[in-house]
Structures are given as structure tokens and as C-alpha cells.
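Quick notes on the structure that follows.
The values are calculated or read from the model by the stated rules, or taken from the named source; none is laboratory data. As the structure is a prediction and not an experimental result, all values here were calculated from the model. Don't worry about glycine lacking a Cβ; one is built from the backbone with ideal geometry, like all the others, and counts go over all protein chains shown. Quick note on the areas: whole protein, heavy atoms, side chains included, nothing else; ligands and nucleic acids left out. Shrake-Rupley method; radii C 1.70, N 1.55, O 1.52, S 1.80 Å.
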Amino acid sequence: MEKAWKEALAKPPLAVTAVFDGKGRLWRASVEGRHVYVSVSDDMGRSFGSPVPVNTDPEDILGDGENRPKIVVARNGHIYISYTQALSKPMSGNIRFSRSVDAGKNFSPPITVNDNLDVISHRFDALGVDDRGRIVVVWLDKRDSAATEKRGEKYKGTSLYAAISDDGGASFEPNFKLADHACECCRVAIATDPDGTPVVLWRQIFGKNVRDHAMMRLDGRSRIIRASHDNWEIDACPHHGPALSIGKDGVRHFSWFTAAGGRPGIFYARTADGGETISPAVRFGRPEAQASRPQVLGLGDLVVVAWKELEGEAGVVRVAFSRDRGKTWSDPQTAASTSGASDYPMLIASGREAFVSWNTAAEGYRLIPLAHGAECD
């Protein structure tokens with residue numbers, strides 16, 4: 001396991017996270033060597049300025065598809081970065097955070113967000129900012145599992161923890177637990193309700209070993225809601241996390257992967273009442289093409305789901321569109337393809353326009369337009 005861990009860290013990562021700011025500039029976070037770099041494009045991704053290092057001191061950084069660096073540009077122009085620092089023990093890590101208050105020219109020395117510093121797994125971070133400027137980081141944390149196992153007892157999965165900064169990322173308040181028994185290695189999704197409150201979606205272990213999904217609004221009062229009912233019972237982590245997007249109308253759109261019933265597939269559902277009622281799941285993707293890693297983006301009437309498939313040696317990005325807030329869907333279309341290795345596709349928006357953000361070994365970084373403002377009500 002130690003050999004596999006070292007090989008994974010040495011492998012050049014293709015994972016890139018991108019986001020538009022309020023002025024239409026495209027910001028990109030990526031990993032090269034033992035550094036996270038941020039660069040900006042003023043021409044829709046055709047060219048980027050010189051990359052700026054986030055961590056000046058080298059660190060081992062996890063940069064795979066489920067565990068990539070995150071980037072958020074706040075309304076005040078401050079840039080926030082979170083990422084997972086890999087530690088010496090296999091599958092161990094710390095959640096790190098840095099910020100730029102000078103439009104990406106410099107970044108603060110990274111700080112460790114998790115206040116438990118045991119050499120265990122603190123990984124798979126999600127980063128969000130609410131309308132009041134509060135920063136929230138959510139991640140999967142093994143501290144409760146490790147403590148339980150030391151007592152000779154069993155603990156299913158891992159815990160879901162969070163930390164909040166009220167001072168623009170200069171510091172974080174003490175960590176707090178959101179849930180026990182989350183799935184160990186599936187990415188966590190975060191989005192913001194119209195009133196500015198973060199909402200988290202993650203793969204949860206229900207009952208003995210059913211690995212479906214849970215959702216919770218981080219207002220200090222809301223309960224955990226079960227978001228998918230596939231009843232996928234598997235004694236392992238699928239390494240397939242969910243995606244979440246919330247429209248200005250408050251409709252929560254989410255997508256996920258499951259292999260329940262021996263039929264792997266991508267699914268989409270929506271809820272317009274905070275999860276009290278959830279729509280029937282809509283299936284996408286071809287199992288024979290290994291459809292995986294779904295993304296979802298809601299822009300008013302327009303909703304987009306994107307995922308990756310394999311066609312022989314080629315990687316293909318497939319997309320489907322709904323123009324009635326997720327009630328009915330178009331046939332899937334091919335948005336892009338590549339002949340070599342590739343990252344998982346991401347969906348991002350600039351105003352009322354939707355794009356696929358995709359990094360490939362052969363073509364490099366690509367920003368692929370999917371819809372125009374006139375089509376997004």
C-alpha cells in the first residue's frame with residue numbers, strides 16, 4: 001500500500017478546477033509537482049497569465065479527480081483555495097487553505113483547517129462562500145473512526161466535518177461534526193441556497209452497508225435528508241462522489257453514480273422544497289462505456305448534466321440538457337473527446353452561459369461552451 005501511495009503522489013495530475021469571477025475572467029487552480037498554482041485568463045481560456053504558486057514551500061498534494069484543489073472567487077474579489085496535503089502514511093492527509101486579497105498576485109501561507117492533527121485521513125474537501133462572506137470547508141475525517149478502533153470497536157466509514165471562517169479566511173473556528181458514517185473516499189459536493197446558506201451532499205452509509213446519498217443545509221437546525229434511494233449495498237467505497245447545483249429559484253439539482261442492482265449508471269434528481277420531496281431519478285450514460293463522474297449545473301430553466309465515457313481508447317464528454325428545470329431531458333450529446341488520458345469534466349457558468357471545463361493530456365486545458373444566454377431563462 002505504501003508503494004501504491006508513493007506512485008500515486010508521483011503521477012503527474014491532470015485535475016484542474018476552474019471558476020469565473022464576476023467580471024467574466026476565468027480562474028484556474030492546478031497541481032504541478034509539489035505546488036498548487038493559480039492562473040487567470042481574460043480570453044475565455046484561450047491563454048492564461050503566469051501561474052502564481054499558492055504554497056511556496058513544497059508539499060505532497062493530492063490532485064486526482066475526486067480529490068482536486070478547489071477555487072472560489074468571492075464577491076469582493078478575494079480568491080480562496082483549499083486542497084488536500086498528502087501525509088507520509090497511505091491514505092492520510094490534511095485540509096489546507098490559502099487566500100489572495102490582491103487579485104491573485106500573492107497567496108497567504110497555507111493553514112491547516114482540520115484541528116485534529118493525527119496522521120490519518122482528513123481528505124476530500126469541499127469549499128464554499130455564503131452571501132455574508134463566511135467561508136465553509138467540509139471534508140471527510142477519520143478521527144472518530146480511529147478513536148473507535150483504538151477502543152477495539154468497529155466504526156463504519158468515516159465522519160463528515162466542517163469549519164467556518166468569519167474573518168475572510170484569516171482563521172477558522174473549531175471543527176464541528178456534521179455526520180457519522182459517511183462513505184470513505186467519495187467527493188463531497190457543496191452549493192449555496194438563495195438565502196446564502198451552504199448545502200452539502202455526500203455519499204452516506206445507511207443501515208448495514210447501503211451507500212446512497214445524504215443532503216444537509218448548514219444552518220445549525222436542519223436534519224440530514226436521504227437524497228437517493230438506490231439501496232446500493234457494497235462493502236467498499238465506490239470512489240464516485242455526487243454533484244450539486246442550486247438555482248436562484250431554490251431548486252436543488254443533483255447527480256450521482258450507482259451500480260445498484262448490477263446496472264451501473266449516472267442519475268439525476270431535483271427537489272424544490274429542500275429535500276422533503278425528491279423527483280424520480282432520471283438515468284443517463286451507457287454502462288458499456290463506463291459512464292462515470294457526473295456533474296450538474298442549474299441556470300434557471302436550463303439544467304445541464306455532464307459525465308465521462310470511454311469509447312475504445314478515447315475519453316468522451318457527454319452532456320444532456322433540460323429546458324424546464326430538470327423535468328424533461330434531451331438525448332445525450334458528445335461535447336468533446338480526446339485520444340489520451342484526461343481529467344473528469346467539470347461544469348461551470350459565467351452569468352447565464354454554461355461551459356465544460358476539461359483538461360486532457362493531448363489537447364491541454366479546454367473550455368467548451370454549451371449554451372448561450374438567450375437559452376438560459
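Between SER279 and ALA4, the modelled labels are 3.8 nm apart [label points 7 Å from Cα along Cα→Cβ].
Calculated translational diffusion coefficient of the stretch 238-377 (25 °C, 0.890 mPa s; Stokes-Einstein with Kirkwood radius over alpha-carbon pairs) equals 161 µm²/s. The magnitude of the dipole of the stretch 230-348, with charges of +1 and -1 set on the Cβ of Lys/Arg and Asp/Glu and taken from the Cα centre, is near 280 debye. Shape analysis of the stretch 64-128 yields a ratio of the Cα radius of gyration to the Kirkwood radius, Rg/Rh, of 1.01.
Solvent-accessible surface of the stretch 167-208, taken per residue with a 1.4 Å probe and all protein chains present: 36 Å².
Between ARG263, ARG217, ARG68, the residue with the greatest mean-square fluctuation in the GNM of the chain (Cα pairs under 10 Å linked by springs) is ARG263.
Computed with a 1.4 Å probe over protein heavy atoms only, the accessible area of THR84 comes to about 0 Å². Counted by Cβ distance under 12 Å from PRO345, the other residues give a net charge of +2, where Lys and Arg count +1 and Asp and Glu count -1. Full extension of the chain between ASP324 and ALA146 yields a length gain of 59.4 nm, computed as 0.36 nm times the residue separation minus the alpha carbon distance. The figure for GLU66 is an accessible area of roughly 10 square angstrom, using a 1.4 Å probe on the protein chains alone. Computed over the alpha carbons of the chain, Rg followed by Dmax gives 19.3, 60 Å. Largest accessible area first, the residues TYR344, TYR365, TYR268 order themselves as TYR344, TYR365, TYR268 under a 1.4 Å probe with ligands, DNA and RNA left out.
Summarising the amide proton neighbourhood of ASN175: residues at separation of 5 or more, or on other chains, whose placed amide H is nearer than 5 Å comprise ASP115.
More than 17 Å apart: what percent of Cα pairs in the stretch 302-377 qualify? Everything past 17 Å amounts to 44 percent.
Accessible surface calculations at 1.4 Å, restricted to protein heavy atoms, place the stretch 262-377 at 42 Å² per residue. Taking all protein chains together and a 1.4 Å probe, the residues GLU313, GLU7 rank GLU313, GLU7 from largest to smallest accessible area. Rounded to the nearest 0.05, the FRET efficiency derived from the C-beta distance between GLU313 and GLN333 at R0 = 25 Å is 0.75. Were the residues from LYS105 through ASP180 laid out at 0.36 nm apart, the gain over their Cα-Cα distance would be 23.0 nm.
Kindly state, to the nearest 0.05, the FRET efficiency for ASP43 paired with ASP166, given R0 = 25 Å and r defined as their beta-carbon distance. Calculated value: 0.10. Residues ASP180, ASP235, ordered by accessible area of protein heavy atoms at a 1.4 angstrom probe radius and largest first, appear as ASP235, ASP180.
Of the solvent-accessible surface of the stretch 42-184, computed with a 1.4 Å probe over protein heavy atoms with every protein chain present, carbon and sulfur atoms account for 49 percent. What is the percent of Cα-Cα separations in the stretch 1-139 that go past 25 Å? Here the long-distance tail beyond 25 Å is 24 percent of all Cα pairs in the stretch 1-139. Please list, in order, the residues from the stretch 230-263 whose amide nitrogen is less than 18 Å from a point placed 7 Å along the Cα→Cβ vector of ARG286. Answer for this model: 263.
Here the stretch 136-220 yields Rg over Rh of 1.01, to two decimals, using C-alpha coordinates and the Kirkwood radius.
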